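The values are calculated or read from the model by the stated rules, or taken from the named source; none is laboratory data. Nothing here was measured: the structure is a model prediction, and the numbers come from that model. Methodologically, a virtual Cβ is constructed for each residue, glycine included, from the backbone with ideal geometry; neighbour enumeration extends over all protein chains shown. Note: accessible area is taken over every heavy atom of the protein model, side chains too, but ligands, DNA and RNA are not part of it. Shrake-Rupley method; radii C 1.70, N 1.55, O 1.52, S 1.80 Å.
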Amino acid sequence: MNAPLSHYFIHTGHNSYLTGNQLSSDCSDVPIINALKRGVRVIELDIWPNSTKDNVDVLHGRTLTTPVELIKCLRSIKEYAFVASEYPVVITLEDHLTPDLQAKVAEMVTQTFGDILFSPDSECLKELPSPESLKGRIIISTKPPKEYLEAKEVKENENDPERVKASDEEAWGKEVPDLLKDDYKNDLGEEDEEDLDDDGDKSQHALAPEYKRLIAIHAGKPKGGLEECLRVDPDKVRRLSMSEQQLEKAAITHGKEIVRFTQRNILRVYPRGTRVDSSNYNPLIGWMHGAQMVAFNMQGYGRSLWLMHGMFKANGGCGYLKKPDFLLNPNKVFDPNVKLPVKKILK
């Protein structure tokens, strides 16, 4: 358990607070507790301002799901995080907050977790720590606050706004027919939610420095096409998210690049937006490309979920599984598209 986090498959939940379907079920801390008891190590929370805009709720935005208070979820995570496994729990936040509420979240998180919260010394980690070194720790992963990304974004867009958009479309392909866009906007663009947000003028967003300091694993999609997204930076590590469809498309043309990216960085795959019944997808496409966080609706049922349960029974059910060596070899990058001879003799 001493290799960097990027060398492991990690037991990962999707919309961990939902009790049932993605559109109208209640949000609660109960599914989070159940997931942690089962050894799930990555919990996802979507955080939104509450109705009076003075506190933070967890809910699936732009749907009929009933909210649960963020503080309740955080306390439950603290209480149950290490019941099934002593290895670190990552909280991925999908953030829709104003800077004052981000500051409030920073306060809640620091007060709730105290010493067990992992805060890196530098702004960006150069390499991910090992599960062993992070035993009993809580890690926060989300996009850095808006302003931080915006300066870069504006600069790129000034150069050629059309080109950026076109190459993005070519690389990822169109998501789904426009017919579904509005209904499932939130889930489809789940990780790009901020780009769709129209909660007022972006320029009024100041920075919440305490909040930014909490983020140990930076997430976000760089602007530009697939190559840019999968570029490996020798000086920092990050987390990239793709929907199951985006991964399937990207895998056809960029299989080896995805594997190379996941040797140092973290790739999270999440269910496509039309899975409103909380169903899941085949996790093997993510795993064979080295994706560490294949995010599943743990409140669902069915073969895919049973496969996930079975996979993480290994290694003592601790929620971390070392990836096979062929996915980690930087000198000879595994190409998932190549048909290899089937080995007929098993040792």
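Among the numbered conditions (1) in contact (Cβ under 8 Å) with a residue 24 or more places away in the chain; (2) aliphatic (A, V, I, L, M); (3) under 16 Å from Ile258 (Cβ atoms); (4) open to solvent by 10 Å² or more (accessible area, probe 1.4 Å), the only one that Ala291 does not meet is (4).
Can you name every residue in segment 19-40 that is part of a loop (DSSP other than H, G, I, E, B) and either of a type in the set (S, T, N, Q) or surrounded by 17 or more Cβ atoms within 10 Å (Cβ to Cβ) (or both)?
Filtering segment 19-40 for residues part of a loop (DSSP other than H, G, I, E, B) gives 19-25, 28-29, 38-40.
Matches in segment 19-40: Thr19, Asn21, Gln22, Leu23, Ser24, Ser25, Ser28, Asp29, Arg38, Gly39, Val40.
Among the candidates Gly224, Gly286, Gly255, Gly300, single out the residue that is in a loop (DSSP other than H, G, I, E, B), more than 30 Å from Glu107 (Cβ to Cβ) and touching a residue at least 24 places away in the same chain (Cβ under 8 Å). Give the derivation first.
Working: Gly286 fails: in a loop (DSSP other than H, G, I, E, B); Gly255 fails: in a loop (DSSP other than H, G, I, E, B); Gly300 fails: touching a residue at least 24 places away in the same chain (Cβ under 8 Å).
Of Gly224, Gly286, Gly255, Gly300, the one residue that is in a loop (DSSP other than H, G, I, E, B), more than 30 Å from Glu107 (Cβ to Cβ) and touching a residue at least 24 places away in the same chain (Cβ under 8 Å) is Gly224.
Just one residue in the set Asp115, Asp100 is open to solvent by 40 Å² or more (accessible area, probe 1.4 Å), at pLDDT below 95, out of contact with any helix residue (DSSP H, G or I) (no Cβ under 6 Å at 6 or more places or on another chain) and farther than 18 Å from Arg41 by Cβ; that residue is Asp100.
Any idea which residue in segment 124-148 is modelled with the lowest pLDDT, counting only those that are out of contact with any helix residue (DSSP H, G or I) (no Cβ under 8 Å at 6 or more places or on another chain) and not hydroxyl-bearing (Ser, Thr, Tyr)? So that I can check it myself, show each step before the final result.
Taking segment 124-148 as the starting set, the residues that turn out to be out of contact with any helix residue (DSSP H, G or I) (no Cβ under 8 Å at 6 or more places or on another chain) are 124-126, 132-133, 135, 139, 141-142, 147.
Still in the running and not hydroxyl-bearing (Ser, Thr, Tyr): 124-126, 132, 135, 139, 147.
Values: Cys124: 82, Leu125: 89, Lys126: 91, Glu132: 98, Lys135: 97, Ile139: 97, Glu147: 48.
Result: Glu147.
So, Leu93, is that one at pLDDT 95 or above, among the aliphatic types (A, V, I, L, M), part of a helix (DSSP H, G or I) and closer than 22 Å to Tyr270 by Cβ or not? The answer is no for Leu93. With respect to the stated conditions, Ser16 is under 16 Å from Arg272 (Cα atoms), touching a residue at least 40 places away in the same chain (Cβ under 8 Å) and crowded, with 20+ Cβ neighbours inside 10 Å.
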